[in-house]
Amino acid sequence: MAELKACVLFILLLLTTKHVKATTRCHFPAVFNFGDSNSDTGGLAAAFGQPPPPNGETFFHRTAGRYSDGRLLIDFMVQSLGLPYLSAFLDALASNFTHGANFATGGSTVRPPNTTRHQSGLSPISLNVQSYQFNDFHVRTRKVQGIFKELVPKPEAFVHALYTFDIGQNDLTGGLFRNLTVDQVKESIPDILGQFRTVVKINEGQMDKNGCANPINELAQFFNRELKDLVNQLREELPEAVVTYVDIYKARYTLISQAHKHGFEHPLRACCGYGGKYNYNIHVGCGGKVNDNGKEITVGSCKDPSVTIIWDGIHYTEAANKWVFAHIVNGSYSHPWTPLPMACLRKQV
Ligand SMILES: *[C@@H]1O[C@H](CO)[C@@H](O)[C@H](O)[C@H]1NC(C)=O
Ligand SMILES: *[C@@H]1O[C@H](CO)[C@@H](O)[C@H](O)[C@H]1NC(C)=O
Ligand SMILES: *[C@@H]1O[C@H](CO)[C@@H](O)[C@H](O)[C@H]1NC(C)=O
Ligand SMILES: *[C@@H]1O[C@H](CO)[C@@H](O)[C@H](O)[C@H]1NC(C)=O
């Protein structure tokens, strides 16, 4: 698992309508997110139970549906846009969707998994299911009455919203966990991207026209190159859309490879974990129980998560998410160069 741990796979795709009046800064009334645990703010927790403490300890001071000690990239993103944190679509308690909804669940893939969550850890809520859920959400928001009306976005918010996609990592690692070779996983990439494209286009159809798309080791880079090509095609196919490729792989790789320079320690060692060089054991997760020389102990976090990059061997710490966000928000990892607040302006590429 050591090789997988070091992977910094990541895709982020932003899709939005072109805002006609915007000149330098876009106003996004809502954010709709699709993805996996990298951006799950409570979806998997609503269906399968909360991630155990110490998840959430740094920022929320309680477990908060997230696989991190604190906020995720998506949290920093909505915050910077002046919007509240996203409620998970599946969360039946205290959800408020006025400024968007989050369809992401931990373990989600682009392609529907052929295994149960129990067998593989993959979520049954793959990207196509998230798309059905969004569809249903969209239709029903127009029909809700009374007090519920105040908890859903206005119809026009769907048109000008920012649609973010943060998914693909589990499609690659899922194949490797099934003992496929790197080449076999590579062969599946066209199909993964094909299914990704289908969902993006369905969503674009729902928001009228216009959109922004920002996508983000050898396999991941290959995936990202192919993705970049796909984004170029989508730009042509969706002429009213604004499509930007954000290389978050590169941002994370920079952070991990220059960790000390940026104030971080042990770049590949998990903060919340147990055992080995990487403080990671696939069988004993963060918050789990382990028998240590006859004594049962709970796997807890490191002394200082704020100088650690990897949270639990799979997910990132709030500090790492914050760093990555700060480095992508100004557009320095986007192709073409596009700061987040300008992600609704179509440029010549
Ligand atoms: C839902 O969120 C909106 C925007 O943050 C807020 O104005 C509204 O009061 C919230 N509604 C409830 C019932 O909490
Ligand atoms: C699931 O099985 C079908 C039929 O064999 C195949 O086409 C599909 O690619 C498989 N999906 C995954 C994620 O392996
Ligand atoms: C993958 O290979 C390992 C080592 O040979 C084996 O223990 C494991 O059961 C295999 N996993 C699957 C899903 O076949
Ligand atoms: C973007 O922000 C990061 C972090 O604040 C900074 O290091 C980088 O130089 C900035 N890049 C540009 C093009 O402004």
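Values in this text are rule-based calculations from the coordinates and carry no lab data. None of the values given here were measured: they were computed from a predicted structure. A quick note on method: Cβ atoms are made from the backbone with ideal geometry, for glycine too, and the neighbour counts reach across all protein chains shown.
Summary of values
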quantity	calculated
Test item: Cα-centred dipole of the stretch 81-230, Lys/Arg +1 and Asp/Glu -1 on Cβ, debye	380 debye
Y280 long-range amide H proximity, modeled H, under 5 Å	Y274, G275
Expected 222 nm ellipticity per residue - DSSP helices of 4 or more, -39500 (n - 2.57), all of the chain, to 500	-10000 deg cm²/dmol
Alpha carbon convex hull of the stretch 76-204, projected area averaged over orientations, nm²	9.1 nm²
Extension reserve of the V139-D191 stretch, reckoned as 0.36 nm per residue once the Cα distance is removed	15.8 nm
The stretch 272-334 and the stretch 74-123: distance between their alpha carbon centers, rounded to Å	20 Å
Highest to lowest packing among 179-188, 307-316, 330-339, scored as the average C-beta count within 10 Å	307-316, 330-339, 179-188
Flagged links, alpha-carbon separation over 18 Å, of K277/K322; K186/K277; K149/K201; K228/K322; K250/K322	K277/K322; K186/K277; K149/K201; K228/K322
Debye log10 I(q)/I(0) for the stretch 12-128, one point scatterer per Cα, at q = 0.09, 0.11, 0.19 Å⁻¹	-0.26, -0.39, -1.02
Under Karplus coefficients 6.51, -1.76 and 1.60, residue-wise ³J(HN,Hα) of the stretch 262-271 in Hz, glycine/proline x	9, x, 9, 10, 5, x, 10, 9, 6, 6
Vicinal HN-Hα couplings computed from phi for the stretch 236-248 (Karplus, 6.51 cos²θ - 1.76 cosθ + 1.60; Hz; Gly/Pro x)	6, 6, 10, x, 8, 9, 10, 10, 10, 9, 10, 8, 6
With 20 Å bins from 0: P(r) over the chain, alpha-carbon pairs, percent	32, 60, 8, 0
3J(HN,Hα) from dihedral phi, the stretch 162-167, Karplus parametrisation 6.51/-1.76/1.60, rounded to Hz, x for glycine, proline	9, 9, 10, 10, 9, 7
Under 5 Å, built H, 5+ apart or other chain: amide partners of L14	F165, A213, N214, T244
Surrounding net charge for G43, when Lys and Arg each add one and Asp and Glu each subtract one, Cβ distance under 11 Å	-2
Rounded to 5, the percent of DSSP beta bridges in the chain classed as antiparallel	60 percent
Under 15 Å, Cβ to Cβ, from D304 - net charge with Lys/Arg +1 and Asp/Glu -1	-1
